[in-house]
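> A single structure is presented below for examination.
The values are calculated or read from the model by the stated rules, or taken from the named source; none is laboratory data. This structure is a prediction, so every number in the text was calculated from the model and none was measured. Ideal geometry is used to build each Cβ from the backbone, glycine not excepted, and the neighbour counts take in all protein chains shown.
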Amino acid sequence: MKDLKNIFDTHSHYDAEQFGGQKSAYALIGSLFENGLAGLIHASTDFESLKFGLRLSEDFPRAYASVGLHPEYASSFGPEDVDKLRGYAASSKKVVAVGEIGLDYHYEGYDRGAQISLFRGQVELANSLGLPVIVHCRNATEDCLEILKELRPRGVMHCFSGSWETAKEILNVGMYLGFTGVLTFKNAKKAVETVKNMPADRLLLETDCPYMAPEPHRGEISHSGLIPYIAERAAQIRGVDYDEIAFQTLKNAEELFNIK
């Protein structure tokens, strides 16, 4: 396993079935921290994953949690569920964000109105709590940007792979951009252009594990130990040393999520 010094995974899902349950997930996470991983954030998608993230954050000193409801499940949740998130956010100092929230119009049958209502409610919650947001946006850029421009939260657009023009709009709101293993793929031209041109102090690294493992591990189960491949590619794109990217992205994560 590569040296994980200064590597911070800002978006992970270790409750995914690919990790084989909590015991095996914890064994993997423990080995990552033993190899120097600086930290990780478990991004919640529903109340079960939220509870897993809270347990994880209490069991590992450099693990943190977010609380949020994914747009995929928007039709199942209402304002009362957003209120529940407030209680979970207050339950632990290891909660550092509201997420994974946002809009996803990719699959047929989505309820646009329900997604927008849930997204707005959670962004407003984050603003009231003084927490950043972790935003998921898929095939919904216009609506997503409209809400972000109106409510102006702190936060990150996670798994960004859009154009530099879109990136500039997101950056102008004050958001950060998170990049996964997709950055290492041959067809990642838009992401490469954005990483090349964006301010270094808005760049974050993430896995979105177990998905989108970077080359040369594409197709495998991703985990935080593979982030150095993403950092190497980002360093190559920006023409700087690997250590500079690792340290800068760690600093960025600690700044955005108020981690000491």
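> Quick check on my filter: what residues within segment 136-156 are in contact with a Leu (Cβ under 7 Å, 6 or more places away or on another chain), assigned to a strand (DSSP E or B) and under 14 Å from Pro71 (Cα atoms)?
Once the filter is applied, which keeps residues that are in contact with a Leu (Cβ under 7 Å, 6 or more places away or on another chain), assigned to a strand (DSSP E or B) and under 14 Å from Pro71 (Cα atoms), segment 136-156 yields only Cys137.
> Could I ask something else about it? With respect to Ser224, is the statement that it is of a type in the set (Ser, Thr, Tyr), surrounded by fewer than 24 Cβ atoms within 10 Å (Cβ to Cβ) and within 14 Å of the chain's Cα centre (by Cα) true? Walk me through it before giving the result.
Values: of a type in the set (Ser, Thr, Tyr): yes; surrounded by fewer than 24 Cβ atoms within 10 Å (Cβ to Cβ): no; within 14 Å of the chain's Cα centre (by Cα): yes.
Answer is no for this residue.
> Condition test on Ala27, is it over 28 Å from Asp81 (Cβ atoms) and at pLDDT 95 or above?
Spelling it out, Ala27 is indeed over 28 Å from Asp81 (Cβ atoms) and at pLDDT 95 or above.
> Please count how many residues of segment 109-135 are part of a helix (DSSP H, G or I), touching a residue at least 12 places away in the same chain (Cβ under 8 Å) and of a type outside the set (S, T, N, Q).
12
> Among (1) farther than 21 Å from Val82 by Cβ; (2) surrounded by fewer than 24 Cβ atoms within 10 Å (Cβ to Cβ); (3) more than 15 Å from the chain's Cα centre (by Cα), where does Arg152 come up short?
Tallying (1) farther than 21 Å from Val82 by Cβ; (2) surrounded by fewer than 24 Cβ atoms within 10 Å (Cβ to Cβ); (3) more than 15 Å from the chain's Cα centre (by Cα), Arg152 fails exactly one: (1).
> A further question on this structure: Could you list, in sequence order, the residues of segment 133-144 that are surrounded by fewer than 24 Cβ atoms within 10 Å (Cβ to Cβ) and either of a type in the set (D, E, K, R) or touching a Ser or Thr at 6+ places or on another chain (Cβ under 8 Å) (or both)?
Residues satisfying the conditions are Arg138, Thr141, Glu142, Asp143.
> Based on this model, can you work out whether Arg120 counts as modelled with pLDDT of 95 or more, surrounded by 15 or more Cβ atoms within 10 Å (Cβ to Cβ) and over 24 Å from Tyr211 (Cβ atoms)?
Yes; evaluated as a whole, the condition is true for this residue.
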